[in-house]
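Below is one structure, written out as structure tokens, with a few remarks after it.
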Amino acid sequence: MRRKLLTFAAALMIAACATTNDNDVNTTTETAAPAAAEAAPTPESAPPPPPPAATAADNPLLATWTGPYGGVPPFDQVKVEQFKPALEVAMAENLAEADRIANDPAPPTFENTIAALERSGRTLDRVGTVFGIWSSTMSTDDFQPIELEMAPKLAEFSDKITQNIPLFRRIETVYNSPDKSSWTPEQQRLTWIYYTNFVRSGARLDDSAKSRLSTINQQLAELYTKFAQNVLADEKDLYVVLDSEADLAGLPESIRAGAAGAAESKKLPGKWVITNTRSSIEPFLTYSDRRDLREKAWRMFVNRGDNGGAHDNNAIITDILRLRAERAKLLGYATHAHWRLENTMAKTPERALELMEAVWKPAAARVKEEVADMQALANKEGAKITIEPWDYRYYAEKVRKAKYDLDQNEVKQYLQLDKLREGIFWVAGELFNFKFTPVSGVPVYHPDVKVWEVTDRTSGKHIGLWYFDPYARAGKQSGAWMNAYRSQQRFDTDITTIVSNNANFVQGKPGEPLLISWDDANTMFHEFGHALHGLSSNVNYPSVSGTAVFRDYVEFPSQLLEHWLSTPEVLQRFAVHYKTGEPIPQRLVDRIERAATFNEGFRTVEYLSSAIVDMKLHLAGDRPIDPDAFERQTLAELGMPREIVMRHRTPQFLHVFAGDGYSAGYYSYLWSDVLTADAAEAFEEAPGGFYDKGVAQRLRDSIFSVGNTIDPAEGYRQFRGRDPKIDALMRKRGFPVPRTVMPKK
Ligand SMILES: [Zn+2]
């Protein structure tokens, strides 16, 4: 949708996010203005646009999507060299549309201004969607220079829309219209969104300030692209080669197979390669008995973007922070963090920090206990070591086995990717009455991608399409995320949604079922939660559709869905042994439950340290920042346990520096999780538990289907009958429940 385009650089980069508590959704909740768009069938009598330089006839990216399901992306026709001309034509078309709306001789109305803007920008929306998919999943050497060239141009384009004075005047007039009370609540909120987004993007600034703002935005767009490409380069170019059986000590068969496959693709047959991505490094750190190799792999991973040389991100970060601070001042905000948090549930950086600090203390205290357990075990084994960061996952796994008799590898035998995918479909059927049917003949951008049609189980009505791109490959960002290719809307005609889930599972041997870890299974449910949020959308206008909600609310539906993985209904049906087909034994389920809060100190601290550093970097104002020194100092002040490193160190923090999307916003996962935990208890308290029809209906009506048509705080109240409390979150993580409640507005 439009908003995606205005934050193009951000949206394109897709923060490459990793497991359980921070997978990303690639529809940024960015609050820049919705841009403008295509001359779709419209009741207006605007003149046709001038003939563009390239046309749909010679550039398929520009064409309306054709084929079944209301049209599908023409992935089979994409050529990388078509992106630049297609984007240029689409931007010019969108600017012309914006000008037509701005210069309409008729007095401004909701219909001829706001609805007209919602109708505009459709060509750019389509081209941008495919461009974004290439950026995140097909970022080849020939694509990267084009992306680097186009990022500042797209930023400049966005500014031209928000700095269009006659257009802003019309939006302002509509926003202040005395008729407003006769519109639907959705129309009123949409108008408020346009108005505040334009103001927040500098529509009220004088000409010289606007010009400076635009320069800053273009420079930032280029820096974001470089930042992401540098991380990708370190993930691709650096790896650990295992030469012999001795180097494989402790590694289970599935990791060996993945490492052998990776070696093949690096032209190192007969060896094994641990690539520099989270999906490859974390299992290695968990299982490798070779402490020297663990340290080597750990250092490689935590130093991505921080190695000096051509792909070092430190100077880029300093520049980004300086430009962001200057931009915030220009726009009239104390800091970048204050600007970014204005349109969120938290509203201010102080409230977000208050929540983070409330959770930090019990989490850091828990880490001390966890380390003591690990150290005791290492001592007992006679290891003669002090627990270091590269030992944490390894000994945590041993403690898990010893304390709970829970072996992740044993659990994994019951977690087949394909079966779990059926499991999430089944959950969607129980909760939302959705049915998933595989389709063939729909073009895909890579043979790994498969497509399903989503329909209503009862009526058979078409709801949307779900694309699934599960495997890691070169040129694909690491982590997992959801993306909306097309937003549901129906203000002119009924347009159904197309969404995708993307992951980085390491492919094993061909023909064998892919077994995944419990954490990865959680991630699947998480991303599928985002997909369901998109698929459930039932709104009129695309800018408020699906996952286009406040950033600190968008992780709520996805984190909530994680809870269904451990329901007995799912485990008994879909967690079946890959050889015997037997469901996961109850004794194992009991152990999983008993170990539910195990290692929560580690998980919370590695996440929160990143979130707090992110916020403090953006509260620091316009003094020059040395990222490494700032990170060290902030962590020291925080009392960071020496055995843990930030989940995303600053030089590789894609959420924060590959775009504006999650900048001063990594706290969002925790904020959302307060809602998640509280909402999960609503199911636990219901007679039907997690499959209670009444609670599921309320969830759909007040949260999953409403997009950004209502204030999320209000939507939550409708669902829960009250405001969220922090207590459930603390219970979920096994921390003591404090007396305070979630900070009030
Ligand atoms: Zn997410």
Placing +1 on each Lys and Arg Cβ and -1 on each Asp and Glu Cβ in the chain, then taking the dipole about the Cα centre, the residue among Ser702, Val506, Ala315 whose Cα reaches farthest towards the positive end is Ser702
Any idea of the accessible area per residue across the range 564-682, 1.4 Å probe, to the nearest Å²? 31 Å²
Starting from the residue with the highest accessible area, list Lys160, Lys153, Lys579 in decreasing order, probe 1.4 Å. Lys579, Lys160, Lys153
Report the one residue of Gly546, Trp466, Gln188 whose Cα lies farthest in the direction of the positive end of the charge dipole of the chain (charges on C-beta: Lys and Arg +1, Asp and Glu -1; origin at the Cα centre). Gln188
Which order do peptides 401-408, 433-440, 553-560 fall in by mean Cβ count within 10 Å, highest first? 553-560, 401-408, 433-440
Cα-Cα pairs above 46 Å in the chain: how many percent? 16 percent
Fully extended, how many nm does the chain gain between Asp405 and Asp590 (0.36 nm per residue separation, minus their Cα-Cα distance)? 65.5 nm
When the Karplus curve 6.51 cos²θ - 1.76 cosθ + 1.60 is applied with θ = phi - 60°, which whole-Hz ³J(HN,Hα) does each residue of the range 553-567 get, with x for Gly and Pro? 10, 5, 7, 5, x, 6, 5, 4, 4, 4, 5, 6, 4, 8, 6
How big is the shadow of the Cα convex hull of the range 536-629, averaged over all directions, in nm²? 11.3 nm²
Total charge dipole magnitude, the range 386-541, about the Cα centre, Cβ charges on Lys, Arg, Asp, Glu only, Debye to nearest 20: 100 debye
For Ala575, the residues 5 or more places away or on another chain with a placed amide H closer than 5 Å to its own amide H are Ile584
For the range 273-337, dividing by residue count, accessible area per residue (probe 1.4 Å) in Å² works out to 35 Å²
Phi to ³J(HN,Hα) by Karplus 6.51 cos²θ - 1.76 cosθ + 1.60 over the range 726-735, Hz, x for Gly, Pro: 6, 3, 5, 4, 5, 4, 4, 8, x, 9
Share, in percent, of DSSP beta bridges within the chain that are antiparallel, nearest 5: 75 percent
To the nearest 0.05, the calculated FRET efficiency linking Lys450 and Gln219 through their beta-carbon distance, R0 being 41 Å, is 0.55
Any chance you could get the radius of gyration and Dmax over the Cα atoms of the range 605-745, in Å? 18.2, 57
Could you report the range 403-537's accessible area per residue, 1.4 Å probe, as an integer in Å²? 34 Å²
Report the gain in length on full extension from Glu253 to Glu381: 0.36 nm times residue separation, minus Cα-Cα distance, nm rounded to one decimal. 43.7 nm
Calculate one ³J(HN,Hα) per residue across the range 675-681 by plugging θ = phi - 60° into the Karplus curve 6.51 cos²θ - 1.76 cosθ + 1.60, and present them in order as whole Hz with x for glycine and proline. 5, 4, 5, 5, 5, 4, 5
Taking the Cα atoms only, what angle lies between the long axis of helix 600-617 and the longest principal axis of the chain, rounded to 10 degrees? 40 degrees
Those residues of the range 294-311 whose amide nitrogen sits under 14 Å from the label point placed on Val241, 7 Å along Cα→Cβ: none
Give the peptides 123-131, 730-738 in descending order of average Cβ contacts within 10 Å, highest first. 123-131, 730-738
Relative contact order of the chain, please, whole-number percent, based on alpha carbon pairs below 8 angstrom and at least 6 residues apart. 18 percent
Return the long-range amide H neighbours of Ile463 (sequence gap of 5 or more, or a different chain), with a cut-off of under 5 Å between placed amide H atoms. Val454, Thr455, Asp456
Can you give me the long-range amide H partners of Arg486? Hydrogens built in the peptide plane at 1.01 Å from N, cutoff under 5 Å, separation of 5 or more residues or another chain. Ile498
Treating the angle as unsigned and between 0 and 90°, give the value, to the nearest 10°, between the Cα long axis of helix 253-265 and the longest Cα principal axis of the chain. 60 degrees
Globularity ratio of the range 159-233, using Cα Rg and 2.2 N^0.38 Å: 1.47
Under a point-charge model restricted to the Cβ atoms of Lys and Arg (+1) and Asp and Glu (-1), what is the dipole moment magnitude of the range 131-282 relative to its Cα centre, in debye to the nearest 20? 780 debye
What's the percent breakdown of Cα-Cα distances in the range 315-391 across 5 Å bins, shortest bin first? 3, 13, 13, 11, 11, 10, 10, 10, 8, 6, 3, 1, 0
On full extension of the chain, what length is gained from Asp519 through Glu295, given 0.36 nm per residue of separation minus the C-alpha to C-alpha distance? 78.4 nm
Which one of Pro105, Ser440, Ala334 has its Cα pushed farthest toward the positive end of the charge dipole of the chain, where Lys and Arg give +1 and Asp and Glu give -1 at the Cβ? Ala334
Using just the helices of the chain, give the 222 nm mean residue ellipticity in deg cm²/dmol: DSSP H runs with n ≥ 4 each add -39,500 (n - 2.57), and the total is spread over all residues, rounded to 500. -16000 deg cm²/dmol
Dividing the alpha-carbon Rg of the range 440-524 by 2.2 N^0.38 Å yields what? 1.28
To the nearest 20 Debye, how big is the dipole of the chain about its Cα centre, given +1 on the beta carbon of each Lys and Arg and -1 on that of each Asp and Glu? 920 debye
Given a 1.4 angstrom probe, I'd like the percentage of the accessible area of the chain that is carbon and sulfur, rounded to a whole number. 52 percent
What's the whole-number percent of alpha carbon pairs in the range 224-292 lying beyond 21 angstrom? 25 percent
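The values are calculated or read from the model by the stated rules, or taken from the named source; none is laboratory data. None of these values were measured; they are calculated from a predicted model. Neighbour counts run over all protein chains shown; Cβ positions are idealised from the backbone, glycine included. These accessible areas exclude ligands, DNA and RNA; they are computed on the full protein's heavy atoms, side chains included. Shrake-Rupley method; radii C 1.70, N 1.55, O 1.52, S 1.80 Å.
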